[in-house]
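Peer 1: Sharing a structure, written as structure tokens. Questions coming.
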Amino acid sequence: MSQSRLDPAAEGAINWMVRLSAGNTDAALQAQFDLWLASDPSHAQAWKRLQDRLGGACQTVRSLDRRAPGQAGEARRVLLQPTTSRRDLLRSVAALAVFGGGLWLGSRSQMGEALLADMRTGRGERRSFTLADGSRLNLDAGSAVDLQFDAEQRLLILRQGSLLIQVAADPARPLRVRTAQGDVRALGTRFLVSQEAQATRVVVLEHSVRARLPNGAELDIQEGRAALLHSQRIEALNTDQRHRADWLNGHLNVLDDSLQAVVEALSPYYRGFVRVEPEVRGLRVQGVFPLDEPQRAFAALAETLPVRIEHYSPWLTLIRAKNPS
């Protein structure tokens with residue numbers, strides 16, 4: 001793994017990115033940044049290269065801060081607090097003024113739904129809960145779940161992340177997990193559900209579940225089997241997926257996934273932005289990586305794959321080909 005030395009303009013661009021994201025941006029700081037940007041053509045070029053490399057993340061921060069000066073970084077800080085209770089978190093957020101006009105939280109936004117969820121975990125945090133019916137629920141880092149339990153139903157709505165649940169039997173109220181793609185229904189079973197970018201992953205650890213999409217498509221998934229729920233179809237997976245529950249013990253167990261997928265699995269445990277260059281995103285990965293020590297995981301990736309890991313600051317990591325063409 002390399003710690004690359006940068007030219008002063010590139011270092012300055014990274015420093016400004018961190019300062020503009022730190023939660024204390026005001027008109028004076030914005031003016032200083034604008035002056036730095038205009039003082040030398042190399043500064044503007046370095047800032048543009050950094051934006052291009054991060055896929056637009058820097059521009060998002062700047063745009064947000066212009067619309068609510070001084071608030072974007074503070075909201076980011078509050079949202080990342082892993083130990084704040086939901087009530088205290090909402091009180092802190094209400095004190096920010098960023099929510100006027102729905103800047104950060106729209107009533108249907110993913111971030112808003114996660115923040116307002118009944119149960120949630122922060123970065124690097126795993127939690128277990130015992131539900132009112134006796135079911136045992138585990139949440140992976142960066143997860144959010146709403147509960148709708150009453151006399152007629154037991155419904156968990158997975159807003160983001162992953163859950164693993166040991167379901168208490170209740171024939172009158174089968175437990176369901178709802179995601180962006182569909183529902184998973186179980187009775188007296190243990191299974192894993194993950195909300196991924198474009199699909200829901202379901203892994204059955206004990207007994208069976210029934211997956212159903214809004215279009216009526218259904219699939220019964222037996223113990224040891226798994227499936228992906230897409231918007232219009234259910235894809236049965238032929239490989240054993242039970243290793244995906246190893247996050248319970250702090251391990252990311254990878255049998256054959258892309259480098260991009262591995263980095264996405266590590267991201268809820270890493271405070272910083274990780275950019276994987278397009279030419280290496282599809283590299284196949286095998287191994288067991290420590291979730292609670294993502295730096296060690298990155299080091300292991302650099303040792304086993306033709307990639308180099310470059311840390312430019314505590315907030316920025318780039319993964320690129322070891323010998324770029």
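Peer 1: Looking at this structure, is residue 249 free of Cβ contacts under 8 Å to residues at least 12 places away in the same chain and either of a type outside the set (D, E, K, R) or open to solvent by less than 40 Å² (accessible area, probe 1.4 Å) (or both)?
Peer 2: yes
Peer 1: Another one. Sort through 274, 288, 254 and tell me the only one that's part of a strand (DSSP E or B), of a type in the set (A, V, I, L, M) and open to solvent by 60 Å² or more (accessible area, probe 1.4 Å).
Peer 2: It is 288.
Peer 1: Let me ask something else about it. Return the residues of segment 291-308 that are in a loop (DSSP other than H, G, I, E, B) and more than 17 Å from residue 267 (Cα to Cα); say none if nothing qualifies.
Peer 2: The answer is 305, 306.
Peer 1: Scanning segment 136-157 for residues that are among the polar types (S, T, N, Q) and either part of a strand (DSSP E or B) or touching a strand residue (DSSP E or B) at 6+ places or on another chain (Cβ under 6 Å) (or both), which turns out surrounded by the fewest Cβ atoms within 10 Å (Cβ to Cβ)?
Peer 2: Narrowing segment 136-157 to residues among the polar types (S, T, N, Q): 138, 143, 148, 153.
This time we only want the ones that are either part of a strand (DSSP E or B) or touching a strand residue (DSSP E or B) at 6+ places or on another chain (Cβ under 6 Å) (or both), so: 138, 143, 148.
Numbers: 138: 19, 143: 25, 148: 13.
Once the filter is applied, the top-ranked residue is 148.
Peer 1: Could you check how many residues of segment 166-185 are over 15 Å from residue 228 (Cα atoms) and without any contact (Cβ under 8 Å) to a residue 24 or more places away in the chain?
Peer 2: Initial filter on segment 166-185 (over 15 Å from residue 228 (Cα atoms)): 166-176.
Next, from what is left, pick out any that are without any contact (Cβ under 8 Å) to a residue 24 or more places away in the chain: 169, 171-172, 174, 176.
Residues in segment 166-185 being over 15 Å from residue 228 (Cα atoms) and without any contact (Cβ under 8 Å) to a residue 24 or more places away in the chain: 5 in total.
Peer 1: Filter segment 198-212 down to the residues that are more than 16 Å from residue 228 (Cβ to Cβ) and part of a strand (DSSP E or B) and list them by number.
Peer 2: 205, 206, 208
Peer 1: Continuing with this model, one more query. Does residue 160 meet the test of being open to solvent by 20 Å² or more (accessible area, probe 1.4 Å) and within 21 Å of the chain's Cα centre (by Cα)?
Peer 2: Numbers: open to solvent by 20 Å² or more (accessible area, probe 1.4 Å): yes; within 21 Å of the chain's Cα centre (by Cα): yes.
Taking the combined requirement at face value, the residue satisfies it.
Peer 1: Restricting to segment 159-197, name every residue that is of a type in the set (D, E, K, R), assigned to a strand (DSSP E or B) and modelled with pLDDT under 95.
Peer 2: 159
The values are calculated or read from the model by the stated rules, or taken from the named source; none is laboratory data. All values derive from a computational prediction rather than experimental measurement. Methodologically, a virtual Cβ is constructed for each residue, glycine included, from the backbone with ideal geometry; neighbour enumeration extends over all protein chains shown. Each accessible area value is taken on the protein alone, full model and side chains, heavy atoms only, with ligands, DNA and RNA left out. Shrake-Rupley method; radii C 1.70, N 1.55, O 1.52, S 1.80 Å.
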